[in-house]
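Student: Below: one structure in structure tokens.
The values are calculated or read from the model by the stated rules, or taken from the named source; none is laboratory data. Predicted model, so just to flag it, every value in this text is computed and none were measured. We place every Cβ from the backbone using ideal geometry, glycine too, and count neighbours over all the protein chains shown.
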Amino acid sequence: MKTGKTVTIQPPAPNEDKPEARDAMGRPVTQRKSEVRLGREVQARIGQQLRAMYDEVVSEGVPQHISDLVRRLSDRDDGAA
Amino acid sequence: MKLDPAIRDQVLATVPSLRAFAISLCGNIDRADDLVQETLLRALAHIDSFQPGTNMPAWLFTILRNLFRSEYRKRRREVEDADGRYAETLKSHPEQTGRVEFSEFRAALAKLPSEQREALILVGASGFSYEDAAAICGCAVGTIKSRVNRARTRLADLLAIDSVDDFGPDRATRAVLAGGGRS
């Protein structure tokens, strides 16, 4: 029985260790270009959705109580700096 | 001394965007409005530290974000899982968080770690540069970039977008709205 055995914990294998089909030039056979294109499309849609959600609030403008507050505070004679 | 009206107008002009940012952080309109109000009180009390000609939105966003963070930390002591609580808020009061139309998207957004969410909003919705967003969040530009990237990847996964047709917030809701409900 071996004693003092060193246990080496392997870090998770990076992606390149995954067996992947490759063409004659050693490039991955998966359709990289369309994946990238799809990725861009998806990202563009996420961006649109994000802005639409955000702009919905922006379009509400300045609520009355906030605008009153800012005007009140900025008209105040504020001696103390 | 009264506040320069030009500065006041810059503050007011930033409010709509500041609210949108606050809502995306809090997930709740009432809390968001409190946060905006507190931000403005603080900003106007320290308006001397704003240098005219510099970026007013970035200045106000920084103040709001810092206030939110300190409140968030306080709340975290009360409720361990602040993010879970945020998601819960969304679930129980969807009507407080905007139109139902965005509920699916908001729910996905709520599942992101808060640092990724804020980075994505600042860059992707508020339209800040990576540099400004980094200044607002007090971190390196590279950190913002990686947070934004991780946020986008995660959102795509959560929304399971794998084709254009598949994308769309609450198609069912939309169908209902389109098909019925007309009186």
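Student: Looking at the stretch B:67-156, what helices (runs of 4 or more DSSP H) fall wholly within it and have at least 1 residues that are crowded, with 19+ Cβ neighbours inside 10 Å, in contact with a strand residue (DSSP E or B) (Cβ under 7 Å, 6 or more places away or on another chain) and at pLDDT below 90?
Tutor: Passing ranges: none, list empty.
Student: Further, regarding this structure: Going by the conditions given, is B:ARG19 more than 10 Å from every other protein chain (Cβ to nearest Cβ) and either assigned to a helix (DSSP H, G or I) or under 24 Å from B:PHE102 (Cα atoms) (or both)?
Tutor: no
Student: Also, quick follow-up: Have a look at B:THR39, B:THR62 and point out the one that is touching a residue at least 12 places away in the same chain (Cβ under 8 Å), among the polar types (S, T, N, Q) and more than 12 Å from every other protein chain (Cβ to nearest Cβ).
Tutor: The match here is B:THR62.
Student: With (1) within 11 Å of another protein chain (Cβ to nearest Cβ); (2) over 27 Å from B:GLN116 (Cβ atoms); (3) modelled with pLDDT of 90 or more as the list, and B:PHE50 as the residue in question, which single condition is left unmet?
Tutor: Among (1) within 11 Å of another protein chain (Cβ to nearest Cβ); (2) over 27 Å from B:GLN116 (Cβ atoms); (3) modelled with pLDDT of 90 or more, B:PHE50 violates only (1).
Student: Cβ contacts < 6 Å: first residue under 11 Å from B:LEU25 (Cα atoms), restricted to the stretch B:113-124; second residue polar (S, T, N, Q), any location; separation 6+ or different chain. Result?
Tutor: Matching pairs, first to second residue: B:ILE121/B:SER24.
Student: Among the numbered conditions (1) in contact with a helix residue (DSSP H, G or I) (Cβ under 7 Å, 6 or more places away or on another chain); (2) more than 25 Å from B:PRO16 (Cα to Cα); (3) surrounded by fewer than 20 Cβ atoms within 10 Å (Cβ to Cβ); (4) modelled with pLDDT under 90, tell me where B:LEU159 comes up short.
Tutor: Of the numbered conditions (1) in contact with a helix residue (DSSP H, G or I) (Cβ under 7 Å, 6 or more places away or on another chain); (2) more than 25 Å from B:PRO16 (Cα to Cα); (3) surrounded by fewer than 20 Cβ atoms within 10 Å (Cβ to Cβ); (4) modelled with pLDDT under 90, the odd one out for B:LEU159 is (3).
Student: State all residues of the stretch B:22-36 that are charged (D, E, K, R) and at the interface with chain A (Cβ under 8 Å from one of its Cβ atoms); if no residue qualifies, say none.
Tutor: Within the stretch B:22-36, B:ASP33 is the sole residue that qualifies.
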